[in-house]
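Notes follow the structure.
The values are calculated or read from the model by the stated rules, or taken from the named source; none is laboratory data. In this text the structure is predicted, and so the values were computed from the model without any measurement. FYI the Cβ positions are ideal-geometry reconstructions off the backbone, even for glycines, and counts take in every protein chain you see. Only protein heavy atoms, including side chains, enter the accessible area calculation; ligands, DNA and RNA are left aside. Shrake-Rupley method; radii C 1.70, N 1.55, O 1.52, S 1.80 Å.
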Amino acid sequence: MSLEIKFEDAELEGFSAHAKDRLKESVRHYGERLIGEANRLEAGHNLTNNSREVTHSMVEAATTLINHGAAPRRRSPIKKLTRIASQALPLIFGLAWDAKRLSDLNYAAFLFILFGLAIAAIIFANLED
């Protein structure tokens, strides 16, 4: 049994032929993902390997999982680096802290710059989310 989905011509008014082809491809791709996720959920419920039955609630759950991004988001390398820096720089600042050496101008400048970088990394890491 095949399932066919149709759209009214009025809904597709203004769509070019290429746009209609892309819409068809996108709906097919979304349907394949939805069917795969529903089958995965059914396999988790059907522990005895009896006859398969995908229920309405499984399709609803699969729809929610696909639409709301159950898959982890991919982060760019810059975001990853910012997250790492926001954790590492305060640690380095704490390890480098020596109250006795604060009278040394070069050491104080180094700590000041390190502190500024640590604060900036924390702010940028939290703003990106």
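Which trypsin sites (Lys or Arg not before Pro) does the stretch 47-129 hold that lie in a coil by DSSP with at most 12 other beta carbons within 10 Å? Counting only loop positions with at most 12 other Cβ atoms within 10 Å, the trypsin sites (Lys or Arg not before Pro) in the stretch 47-129 are R52, R73, R74.
Listed values (1) 86, 30, 22; (2) 40, 29, 26; (3) 81, 50, 18 include one computed from this model; for Cα extents along the principal axes in Å that value carries the label (3).
Let me have the 222 nm mean residue ellipticity of the chain computed from DSSP H runs of 4+ only, each contributing -39500 (n - 2.57), with the sum over all residues rounded to the nearest 500.
On the way: 4 runs with 85 residues, N = 129.
Computed ellipticity for the chain at 222 nm equals -23000 deg cm²/dmol.
Taking all protein chains as they are arranged and a probe of 1.4 Å, the heavy atoms of H45 leave approximately 130 Å² accessible to solvent. Rounded to the nearest 20, the size of the Cβ-charge dipole of the chain about its Cα centre is 760 debye, with Lys and Arg at +1 and Asp and Glu at -1. Per-residue surface analysis assigns D104 an accessible area of about 70 Å², computed on protein heavy atoms at 1.4 Å probe radius.
If I take every Cα pair under 8 Å that is 6 or more residues apart in the stretch 50-121, average their sequence separation and divide by the length, what percent do I get for the relative contact order? Working shown, then result.
Values: 23 pairs, mean separation 24.9, N = 72.
Taking the mean separation of contacting Cα pairs over the length of the stretch 50-121, I get 35 percent.
Can you give the accessible area per residue of the chain, in Å², using a 1.4 Å probe? Per residue, the chain has 84 Å² of solvent-accessible surface. Counting protein heavy atoms only, the chain has 61 percent of its accessible area on carbon and sulfur, 1.4 angstrom probe. Could you check which residue among G69, G31, G116 shows the biggest mean-square fluctuation in a GNM of the chain with a 10 Å Cα cutoff? Result: G116 has the largest fluctuation of those listed.
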